[in-house]
Amino acid sequence: MILKDFMLQKHLLLTVVFLAIPTYIGGCSFYRQFYKPLTPQEELVADIWPILNSVQKKEINKLQSIEEVQLYIDEFWDDRDPTPETEVNEFEIEYQKRLDYVHIHYRYRRGWTHSDRARVYLIYGPPDDIYYMPWVVSKYVRGPQVNALEIWVYEEFMATPHFPTIFDGFDPNLMKFVFADYSALGQYTQIYSNVPGEKIDPDVYCSS
């Protein structure tokens, strides 16, 4: 009986190991792909990537040399200088402050891949108000369970959405972003914004 149990355990262990090998190999391949070092060109544009539009990203991706990329970045900052007659570019200075902040508070994976909160902070700046609250399960809300919410509000007027949401009561008609923590590990995902074109998840934020 003891020998039989031992052989059974050995068989189960070998089965688990055998099944785990493809997953391990695939995981290593994914790890290498996801965390592979940035190219020199990617390193140059990593800081400004979140605030580039789709056309600018395509233009940069077509550039072949580091010199071309650097020239593009220089022109990018020059075009956004509110006082080109001076030696100081206020926009670039302000953006660098935002970048320093998100690198400390919202550091996320590799290079130009930023968390949702970091991306919003870089594009729109610090919010005027932040609400922290636990997720309250409601029969009127569809979608997965989350553990906590952050609601960022900006003192900027936004038109009322054409459909009701569960976040309409938070500073109505002001620009807002909602981030949800699905993992309870402080990793927040953007699930709603009333800014046109921003990321939303209707299975979470819609009300009936």
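Laid out as a table, the results:
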| quantity | calculated |
| --- | --- |
| Contacts under 8 angstrom Cβ, first residue in segment 48-75 being acidic (Asp, Glu), partner surrounded by 15 or more Cβ atoms within 10 Å (Cβ to Cβ), 6 or more apart | Glu59/Tyr72 |
| Residue within segment 158-176 that is hydrophobic (A, V, I, L, M, F, W, C), under 25 Å from Ile48 (Cα atoms) and at pLDDT below 95 present | yes |
| Complete set of residues in segment 41-87 that are β-branched (Val, Ile, Thr) and open to solvent by 70 Å² or more (accessible area, probe 1.4 Å) | Val55, Ile66 |
| For Tyr31: the one exception among (1) surrounded by 10 or more Cβ atoms within 10 Å (Cβ to Cβ); (2) modelled with pLDDT of 50 or more; (3) within 26 Å of Gln190 (Cα to Cα) | (2) |
| Failed condition for Lys36, given (1) part of a loop (DSSP other than H, G, I, E, B); (2) at pLDDT 90 or above | (2) |
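The values are calculated or read from the model by the stated rules, or taken from the named source; none is laboratory data. Just so you know, these numbers come straight off a predicted model, no measurement behind them. All Cβ positions, even for glycine, are placed from backbone atoms using ideal geometry, and neighbour counts span all protein chains on display. When the accessible area is computed, the model is the full protein with side chains, heavy atoms only, and any ligands, DNA or RNA have been set aside. Shrake-Rupley method; radii C 1.70, N 1.55, O 1.52, S 1.80 Å.
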